[in-house]
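Q: There's a structure below that I have some questions on.
Just so you know, all these numbers are worked out from the coordinates, no wet-lab data involved. Only a predicted model underlies this, so the values are computations on that prediction, with no experimental measurement involved. Cβ placement follows ideal geometry from the backbone for every residue including glycine, while neighbour counts extend to all protein chains displayed.
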Amino acid sequence: MPLAPAARTMIDAMASLEQPPIWEVPLEQTRAMSNSALGAEERVPVASVEDRTIPGPAGEIPVRVYTPDAPAPRPLVAFFHGGGFVYCSLETHDNTCRRLANATGATVVSVDYRLAPEHAYPAAADDCLAATRWVHDHAGELGGDPDRLVVAGDSAGGNLAAVTALRARDEGGPALVAQLLVYPVIDAACGTPSFAENGTGYFLEATSMRWFWEQYLAGADGSHPHASPCNAADLSGLPPAVVVTAEFDILRDEGERYAELLRAAGVDARTHRYDGMIHGFFSIPMLFPEADAANAALADGLAQALTARA
């Protein structure tokens, strides 16, 4: 399928700005711009939103709790935002979490994990595991069910969700009922066909993704399963997965390959590829109606995982 007209319009508009590569822009400037751009749209209504802090392995972690208009006890979703491990925040993904809470009927806890390069691997992964455990242990005060706990994330956040699922299985819990992975970063090798095919001209470019990995890893071994979960020796016993991918995304093949690996290990893993789409579409429903379709697919996948578990 050809690139969607809305995606072409967005890419052309960005190209006309003639912005320098991300590594040539001061990181604080990039972070401020992303907060402004993705945090400016009109807020989707939810029953309540609360900012708070929770204990983390290196100090307090800011989180934002989204409660939908749904009866308690609700499922619980620990959500990890994207941004290449180096930028984005609670603000950039505010509406994403609101929409996810409304679609799933779950309490969503968005986690403001530590960012690279100031806090390199595995700081973000450590924060996300700690936050997931906190959500489980505080399910009652969140109006949630600790036995219906989910991890979710987009892009780099999808990586952190997959890694959290691995570590929760291997490091004493908590038990998870699903992992919702939106165009996840899965493999630091950056060697799939889609990485080459879509490497330039489709918003997220290969040179940028390699730079993100460099900032996150800071010389650490990117082949370790806690960085590249596709390299885990054993994927059995992980929670069911829903994997969303975009046709014109460098990350398309690694996300779909991870789902294949999960299925080969006996894990229920469902993929939803959105043709004509680019990386980032899930966070821009005002341009891409496919974002709402993907959100519904996540909600349906979660509902099926909960039904299968019951």
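Q: Once you charge only the Cβ atoms, +1 for Lys and Arg and -1 for Asp and Glu, what is the size of the charge dipole of the chain about its Cα centre, to the nearest 20 debye? Provide the component values of the computation, followed by the final result.
A: Working: 20 positive and 40 negative charges, 113 e Å.
The calculated dipole for the chain is roughly 540 debye.
Q: List, in order, the whole-Hz ³J(HN,Hα) value for each residue of the range 198-205 obtained from phi through the Karplus relation with A = 6.51, B = -1.76, C = 1.60 and θ = phi - 60°; use x for Gly and Pro.
A: Each residue of the range 198-205 in turn: 10, x, 9, x, 10, 6, 8, 9 Hz.
Q: Counting other Cβ atoms within 10 Å, keep those with at most 16, restrict to DSSP loop, and tell me which trypsin sites (Lys or Arg not before Pro) in the range 1-76 are left.
A: On the way: sites: 8, 31, 43, 52, 64; in loops: 43.
Those satisfying the criteria are 43.
Q: For the chain, the longest stretch holding no GluC sites (Glu not before Pro) located in a DSSP loop with at most 13 other Cβ atoms within 10 Å is which? Write out the running numbers ahead of the final one.
A: Details: sites that count: 18, 41, 42, 118, 141, 171.
Longest gap between qualifying sites, sites excluded: 172-310.
Q: Out of the range 83-126, which trypsin sites (Lys or Arg not before Pro) are coil in DSSP terms and have no more than 16 other C-beta atoms within 10 Å? Intermediate values should be presented prior to the final figure.
A: Working: sites: 98, 99, 114; in loops: 114.
When the trypsin sites (Lys or Arg not before Pro) of the range 83-126 are filtered for loop state and at most 16 Cβ neighbours within 10 Å, nothing remains.
Q: In deg cm²/dmol and to the nearest 500, what is the mean residue ellipticity at 222 nm of the chain if only DSSP H runs of at least 4 residues count, each as -39500 (n - 2.57), divided by the residue total? Walk me through the numbers before you get to the answer.
A: Working: 9 runs with 115 residues, N = 310.
That comes out to -11500 deg cm²/dmol.
Q: Note down the magnitude of the dipole of the range 155-269 about its Cα centre, charges +1 on Lys and Arg C-beta and -1 on Asp and Glu C-beta and zero elsewhere, to the nearest 20 debye. Before the final figure, lay out the partial values.
A: Numbers: 6 positive and 15 negative charges, 44 e Å.
That gives a dipole near 220 debye.
Q: Quick one: 3J(HN,Hα) in Hz for the range 97-114, Karplus 6.51/-1.76/1.60 with θ = phi - 60°, rounded, Gly and Pro as x.
A: So the J values, rounded to whole Hz, are 6, 4, 5, 5, 4, 5, 6, 9, x, 9, 6, 9, 10, 7, 10, 8, 5, 5.
Q: Further question on the same structure: How would the range 24-125 be classified by its alpha-carbon gyration tensor: rounded, prolate or oblate, with rounded meaning a/c under 1.5 and the a/b versus b/c comparison settling the rest?
A: Numbers: a/c = 2.59, a/b = 1.47, b/c = 1.76.
Note, shape of the range 24-125 comes out oblate.
Q: Using the charge dipole of the chain (Lys, Arg: +1 at Cβ; Asp, Glu: -1 at Cβ; taken about the Cα centre), state which of 215, 267, 93 has its Cα farthest towards the positive end.
A: The one lying farthest along the dipole's positive direction is 267.
Q: May I pose another question? For the range 1-26 and the range 161-201, compute the distance between their C-alpha centroids and round to whole Å.
A: The distance from the Cα centre of the range 1-26 to that of the range 161-201 comes to 25 Å.
Q: Quick one: dipole size for the range 18-70, taken about the Cα centre, charges +1 on Lys/Arg Cβ and -1 on Asp/Glu Cβ, in debye to the nearest 20.
A: Details: 4 positive and 9 negative charges, 35 e Å.
Here the size comes out at about 160 debye.
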